[in-house]
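Please read the structure below before turning to the comments.
The values are calculated or read from the model by the stated rules, or taken from the named source; none is laboratory data. What you are looking at is a predicted structure, and each value in this text was computed from that prediction instead of being measured. All Cβ positions, glycine included, derive from the backbone under ideal geometry; neighbour counts span all protein chains shown.
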């Protein structure tokens with residue numbers, strides 16, 4: 001175990017490649033939504049309203065609390081952030 005190396009930070013945090021991939025995708029969505037919210041330069045209450053979530057929920061997003069968000073919840077916020085998700089699937093590099 002001491003000589004094991006994770007291929008990504010997500011691999012180091014969870015037990016399976018599936019969980020790591022889920023974390024990676026959630027992280028990308030959270031970062032994209034956070035960038036948009038910060039660019040709005042409005043109060044958290046206003047930003048939360050635009051995303052159709054509560055202000056405490058938005059605060060969790062802005063603080064990066066990834067464990068509090070499912071992929072579904074993040075995808076649902078994309079419309080309020082005027083973002084569109086484009087999926088690209090490819091083989092991992094060897």
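Going residue by residue through segment 3-15, is there one that turns out to be part of a helix (DSSP H, G or I), modelled with pLDDT of 90 or more, within 13 Å of the chain's Cα centre (by Cα) and surrounded by 10 or more Cβ atoms within 10 Å (Cβ to Cβ)? No, every residue in segment 3-15 fails to be part of a helix (DSSP H, G or I), modelled with pLDDT of 90 or more, within 13 Å of the chain's Cα centre (by Cα) and surrounded by 10 or more Cβ atoms within 10 Å (Cβ to Cβ). Quick check on residue 62: is it at pLDDT 95 or above, over 30 Å from residue 90 (Cβ atoms) and surrounded by 12 or more Cβ atoms within 10 Å (Cβ to Cβ)? So residue 62 fits the description; yes.
Would you check if residue 39 is at pLDDT 95 or above, more than 15 Å from the chain's Cα centre (by Cα), buried (at least 17 other Cβ atoms within 10 Å of the Cβ) and not in a loop (DSSP other than H, G, I, E, B)? Answer is no for this residue. Summed over segment 43-69, the residues that are free of Cβ contacts under 8 Å to residues at least 24 places away in the same chain and in contact with a helix residue (DSSP H, G or I) (Cβ under 8 Å, 6 or more places away or on another chain) give a count of 12.
Of all residues in segment 70-94, those satisfying the criterion of being part of a helix (DSSP H, G or I), within 23 Å of residue 19 (Cβ to Cβ) and touching a residue at least 24 places away in the same chain (Cβ under 8 Å) are 71, 74, 75, 76, 77, 78.
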